1. Does ILE153 meet the test of being part of a loop (DSSP other than H, G, I, E, B), more than 28 Å from PRO247 (Cα to Cα), over 18 Å from the mean Cα position of the chain (by Cα) and among the β-branched types (Val, Ile, Thr)?
2. Go through the range 448-475 and give me each residue that's among the hydrophobic types (A, V, I, L, M, F, W, C) and surrounded by fewer than 18 Cβ atoms within 10 Å (Cβ to Cβ).
3. When you check LEU171 against the structure, is it in the same structural domain as GLN295 (by TED's automatic domain parsing), open to solvent by 10 Å² or more (accessible area, probe 1.4 Å) and among the aliphatic types (A, V, I, L, M), yes or no?
4. Step by step: first the residues of the range 470-486, then only those that are free of Cβ contacts under 8 Å to residues at least 40 places away in the same chain and assigned to a loop (DSSP other than H, G, I, E, B), then the one that is farthest from the chain's Cα centre (by Cα). Which residue is that?
5. For a quick check of your reading: which strands (runs of 3 or more DSSP E) sit entirely within the range 202-248 and have at least 3 residues that are within 16 Å of the ligand (Cβ to nearest atom) and at pLDDT 95 or above?
6. Against the definition (among the aromatic types (Phe, Trp, Tyr) and out of contact with any strand residue (DSSP E or B) (no Cβ under 8 Å at 6 or more places or on another chain)), how does PHE267 come out, yes or no?
7. Regarding the range 489-505, can at least one residue be identified that is open to solvent by less than 30 Å² (accessible area, probe 1.4 Å), at pLDDT 90 or above and hydrophobic (A, V, I, L, M, F, W, C)?
8. Only one of (1) without any contact (Cβ under 8 Å) to a residue 24 or more places away in the chain; (2) within 16 Å of the ligand (Cβ to nearest atom) fails for ARG180. Which number is that?
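The values are calculated or read from the model by the stated rules, or taken from the named source; none is laboratory data. Not measured: the values here are computed from a predicted model. Note: ideal-geometry Cβ built from the backbone for every residue, glycine included; neighbour counts use all protein chains shown. Calculation scope for accessible area: heavy atoms of the full protein, side chains included, ligands and nucleic acids excluded. Shrake-Rupley method; radii C 1.70, N 1.55, O 1.52, S 1.80 Å.
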Amino acid sequence: MHASTQQGGGTGHLVNIDAVMQQVAEHKGCGTTGGSGKASCGSSAGQNDLPPEIWEKVKNHPCYSEEAHHHYARMHVAVAPACNIQCNYCNRKYDCANESRPGVVSERLTPEQAARKVLAVASTIPQMTVLGIAGPGDPLANPAKTFKTFELIAQTAPDIKLCLSTNGLALPDYVDEIARYNIDHVTITINMVDPEIGAKIYPWVFWEHKRYTGVEAARLLTERQLRGLEMLTERGILCKVNSVMIPGVNDQHLVEVNRAVKSRGAFLHNIMPLISAPEHGTVFGLTGQRGPTAQELKALQDACEGEMNMMRHCRQCRADAVGLLGEDRSAEFTTEKIMEMEVNYDLEGRKAYQALVEEERVAKVAAKVEELAGLDGADADISLLVAVATKGSGLINEHFGHAKEFQVYELSAKGAKFVGHRRVDLYCQGGYGDEDSLATVIRAINDCHAVFVAKIGGCPKADLTAAGIEPVEQYAHEFIEKSAIAWFKNYLAKVASGAVTHAPRGDAAIRQGALIVAA
Ligand code: SF4
């Protein structure tokens, strides 16, 4: 099936990626906060690409820096139960789908409980560098609880970065408060800048004691979101914009959203897939509105990636998530457990641990740079995807059967670029392999040429090979990017010698009419 006519799910909608690409070609320009220059923004940008003051803000923030997310953890505290708008993808019995996986928030906390939890987590996980308030409602619809929590944390854990996620309706009223508490990372969920489209996403908004519906509600929302964004970036606060991609509703329109937020100084745009299932009880779930495929999402992200980088490593975390992105250790920090814990907030110890993390990170970058040198003169026409099983630290350190997700890298003459992750069912079910899960895994990564793992059993290895995906174990416990580039150089050498014929896989293969091995 061609990407531009991909059809699926309940809506029967046709995604015209070619049209999207054309729209994007017309808009370029950096949206970096504070006018810091064209090449200076983006989630994959490194120390040499960014002004020092921006680098300081993003270097150990797992959401604002793709590279940092391998090493640093974040946590959310659920102190904000109320919300001032209704989204068709959200059911507040569950975590808000724009910032979290659907699943009930285990506990709602008071600001005092939240502050204790932050100290408990910071004592146990020294690489936890970011505290965010993301719900389960809207933090700015609960301003007293939200700012009290930030105040307590700023007093007791001064090295932790403070983040806030909001739907933006109340944002213009709280920008000064946000600046006063040194909350220097704000996420605004902006799904549209056209009220007609907005009316399909938001049934109502509640503002100044009045409920608004339809186009009027969406117009009010978009005006206040964009004004809030401008006010924040004028004050030098880094802003990320989250957009939920809803096929047939706002997918093509998100290019226009990208243009609007870029011109107002947003640092990063995070386009996320709609999560929609009937059991979540959301309007979209109950009406059969489908989410995008991984390939559709990537195509839109690629199309929007001009000089403003796209966040591609978002895990749509729960509003009470704890740990590295992609893992959730919140069960270790329930209120009952943290009340019993000995909390020892050791600022110097945290700094020392993070210095070790930085050493590892520097070594990883150096290894990648060294390996990259050998790619000079590589065939610029060949690019392909590989999947990686990892538990973090930028290493290939997960067993194939234990992987709950695979990270996907695009390899080309430019090197290895992180382009997303694919969630999968666990193949290994306590000692035996689940064949249904294996089929799901293969389907999830069937546009990849290889899968890098720490270890893999004989059966899945044979099935992956039969599906045309090379299982690669030889780089177990080594750095991902260095290993991927080394493997790619070897692949290019085989292509050059005629031992292998390069053919695109998955969606790229479909686009180019190539034959692929189906999972
Ligand atoms: S939802 Fe996305 S942006 Fe928010 S903490 Fe999780 S990974 Fe970061």
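1. no
2. Of all residues in the range 448-475, those among the hydrophobic types (A, V, I, L, M, F, W, C) come to 448, 450-454, 456, 459, 462, 464, 466-467, 469, 472.
CYS459, ALA462, ALA466, listed by residue number.
3. On the way: in the same structural domain as GLN295 (by TED's automatic domain parsing): yes; open to solvent by 10 Å² or more (accessible area, probe 1.4 Å): no; among the aliphatic types (A, V, I, L, M): yes.
Answer is no for this residue.
4. Per the criteria, the residue is GLN474.
5. Values: elements: 204-207, 210-213, 238-245.
Answer list for the range 202-248: 238-245.
6. Values: among the aromatic types (Phe, Trp, Tyr): yes; out of contact with any strand residue (DSSP E or B) (no Cβ under 8 Å at 6 or more places or on another chain): no.
It is false that PHE267 is among the aromatic types (Phe, Trp, Tyr) and out of contact with any strand residue (DSSP E or B) (no Cβ under 8 Å at 6 or more places or on another chain).
7. Step one: filter the range 489-505 for residues open to solvent by less than 30 Å² (accessible area, probe 1.4 Å), giving 491-492, 504-505.
Okay, now just the ones that are also at pLDDT 90 or above, so 491-492.
Filter once more, keeping what is hydrophobic (A, V, I, L, M, F, W, C): 492.
Yes, because at least one residue in the range 489-505 is open to solvent by less than 30 Å² (accessible area, probe 1.4 Å), at pLDDT 90 or above and hydrophobic (A, V, I, L, M, F, W, C).
8. Among (1) without any contact (Cβ under 8 Å) to a residue 24 or more places away in the chain; (2) within 16 Å of the ligand (Cβ to nearest atom), the lone unmet condition for ARG180 is (2).
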